[in-house]
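A.B. asks: Encoded as structure tokens, here's the structure I'll be asking about.
The values are calculated or read from the model by the stated rules, or taken from the named source; none is laboratory data. Since we're looking at a predicted model, the values are computed, not measured. Ideal geometry is used to build each Cβ from the backbone, glycine not excepted, and the neighbour counts take in all protein chains shown. Keep in mind that these areas ignore ligands, DNA and RNA; they rest on the heavy atoms of the full protein, side chains included. Shrake-Rupley method; radii C 1.70, N 1.55, O 1.52, S 1.80 Å.
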Amino acid sequence: MIGSVWGLLVVGLVVASSVMALLWWLAVRIGDASHVDVAWAALIASAAILYALLADGDAGHRVLAAALASIWGYRLAVYLYVNRVRGKEEDGRYQELRRKWGENANRNFFIFFQAQALFVVFFSLPFAFISLDSDSGISRLAWVGVAVWAIGNVGTILSDYQLAQWRANPDNKGKTARAGLWSWSRHPNYFFEWANWCGIALVATTTPWGWLAWLVPAGLLYLLFKVTGIPATEAQALRSRSDYAEYQRTTSVFVPLPPKRA
């Protein structure tokens, strides 16, 4: 059994780095890096299960950590594989990176894949804290966190479903989704994903040093707005859909809010 956060994170890093190295080799062979997103979600869930098995915390907290991570991570992995990888060409973001990097693409993608392994460890941090919690019983604050986590997951699933339904209609080809939650936010899936992590951080807050888990939703917010989330997604949308500029003008970028008048 492992009794320290650092010990658990080292195990997570070794596993994530090894898997990402194998997936980079696969990406080189097939010329498609899209599966890195699937692996990222699945590896966070897998790391949390490892922590639950290896940590010396209370059994109830270890089960809770594994459950929160598994339901979120494996669902997201399956969704990404079915909707963005299986039978489809490489994600537009990675095509753009491949074009930008040119002859250095394979080397840079290796670095990118290993960076994703580090992100796996970073995002698994709250589950390490929860798994090491030795207190018996789940506190009221932790249950509030579970409720926020549930709202985040339901919102994400609903956003994904509404987007899939929109795309399934041939009349909507080349048009921006504006149904349901997508009429209130340009990225409702990102917003509820962030809410999910706020719930997990709230559960971890009840543990010693658990306040550090709030680094995860804070870091996610930075990534969404400044790195690989919203900027890349919106740049791709502007290139591919003529109605997206108007959608930007009338619809909240993140928090679901009533749309502005056209």
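A.B. asks: Leaving out ligands, DNA and RNA, and with a 1.4 Å probe, what % of the accessible surface on the chain is carbon or sulfur?
C.D. replies: On the way: 8630 of 13090 Å².
Whole-percent figure for carbon plus sulfur exposure: 66.
A.B. asks: A further question follows. When only the heavy atoms of the protein chains count and the probe is 1.4 Å, how do TRP214, TRP25, TRP149 rank by accessible area, highest first?
C.D. replies: On the way: TRP214 95, TRP25 140, TRP149 30 Å².
The residues order as TRP25, TRP214, TRP149, largest area first.
A.B. asks: Dividing the alpha-carbon Rg of the chain by 2.2 N^0.38 Å yields what? Can you show the working numbers first?
C.D. replies: Numbers: Rg = 19.2 Å, N = 262, 2.2 N^0.38 = 18.3 Å.
Working it through for the chain, the quotient is 1.05.
A.B. asks: For a quick check of understanding: with a 1.4 angstrom probe and all protein chains in place, what accessible area in square angstrom does PHE112 have, to the nearest ten?
C.D. replies: Ignoring ligands and nucleic acids, PHE112 comes out at about 40 Å².
A.B. asks: Would you grab the residues whose amide H sits under 5 Å from the one on ALA55? Only those 5+ places off in sequence or on another chain, please, with H modelled 1.01 Å from N.
C.D. replies: ILE2
A.B. asks: What FRET efficiency would be calculated for the residue pair THR228, MET1, taking the C-beta separation as r and a Förster radius of 41 Å, to the nearest 0.05? Provide the component values of the computation, followed by the final result.
C.D. replies: Values: r = 36 Å, r/R0 = 0.88.
Step by step, r from the Cβ atoms, then E = 0.70.
A.B. asks: Right, another one. Suppose each label sits 7 Å from its Cα in the direction of the beta carbon; what would the ALA21-GLN248 distance come out to in nanometres?
C.D. replies: My value for the distance between the label points is 4.1 nm.
A.B. asks: If you place +1 on the Cβ of every Lys and Arg and -1 on the Cβ of every Asp and Glu, how big does the dipole about the Cα centre of the chain come out, in debye to the nearest 20? Present the calculation step by step, with values, prior to reporting the outcome.
C.D. replies: Working: 23 positive and 17 negative charges, 196 e Å.
So the magnitude is around 940 debye.
A.B. asks: Residues with amide H under 5 Å of ARG186's amide H, sequence separation 5 or more or different chain, H placed in the peptide plane at 1.01 Å from N; which?
C.D. replies: SER252, VAL253, PHE254
A.B. asks: For LEU163, LEU22, write out the residues from largest to smallest accessible area, computed with a 1.4 angstrom probe and no ligands counted. Kindly include the intermediate steps, with their values, before the conclusion.
C.D. replies: Numbers: LEU163 15, LEU22 120 Å².
Heavy-atom accessible area, descending, gives LEU22, LEU163.
A.B. asks: Show which lysines lie in cross-link reach of LYS260 when reach means a straight Cα distance below 28 angstrom and same-chain residues fewer than eight apart are skipped.
C.D. replies: Partners found: LYS173, LYS175, LYS226.
A.B. asks: Related question: Per residue, how much accessible surface does the stretch 98-236 expose to a 1.4 Å probe? Answer in Å², no decimals. Let's see the in-between values first.
C.D. replies: Working: 6830 Å² over 139 residues.
With the other protein chains kept in place, the stretch 98-236 gives 49 Å² per residue.
A.B. asks: Tell me, what is the FRET efficiency for ILE71 and VAL144 to the nearest 0.05, using R0 = 25 angstrom and their Cβ-Cβ distance as r? Please report the intermediate quantities before stating the final value.
C.D. replies: Details: r = 18 Å, r/R0 = 0.70.
So the FRET efficiency works out to roughly 0.90.
A.B. asks: Something else: Hey, what do the phi angles of the stretch 25-36 turn into as Karplus ³J(HN,Hα) couplings, whole Hz, using 6.51/-1.76/1.60 and θ = phi - 60°, x for Gly and Pro?
C.D. replies: With the stated coefficients, the stretch 25-36 comes to 4, 5, 4, 5, 5, 9, x, 8, 9, 4, 5, 5 Hz.
A.B. asks: Please give the charge dipole size of the stretch 166-262, origin at the Cα centre, charges +1 on K and R Cβ atoms and -1 on D and E Cβ atoms. Round to the nearest 20 debye.
C.D. replies: Here the size comes out at about 360 debye.
A.B. asks: Let me ask something additional. Quick one: what are the phi-derived ³J(HN,Hα) couplings along the stretch 212-224, Karplus 6.51/-1.76/1.60 with θ = phi - 60°, whole Hz, x for glycine and proline?
C.D. replies: With coefficients 6.51, -1.76 and 1.60, one gets 5, 5, 5, 4, 5, x, 5, x, 4, 4, 5, 4, 5 Hz.
A.B. asks: How much length is gained on full extension from ILE157 to VAL82, taking 0.36 nm per residue of separation minus their Cα-Cα distance?
C.D. replies: Numbers: separation 75, 0.36 × 75 = 27.00 nm, distance 1.39 nm.
The ILE157-VAL82 span can extend by a further 25.6 nm.
A.B. asks: May I pose another question? Beyond 16 Å, what percent of the Cα pairs of the stretch 45-155 remain? Intermediate values should be presented prior to the final figure.
C.D. replies: Values: 4215 of 6105 pairs.
Percent of Cα pairs beyond 16 Å in the stretch 45-155: 69.
A.B. asks: If you don't mind, another one. Given ASN106, HIS35, LEU54, which one lies farthest toward the positive end of the charge dipole of the stretch 1-137, if we put +1 on the Cβ of every Lys and Arg and -1 on the Cβ of every Asp and Glu?
C.D. replies: Checking the options against the dipole of the stretch 1-137, the answer is ASN106.
A.B. asks: Would you mind checking the stretch 105-123 for residues with the amide N under 13 Å from a putative spin-label position 7 Å along Cα→C-beta of LEU53?
C.D. replies: none
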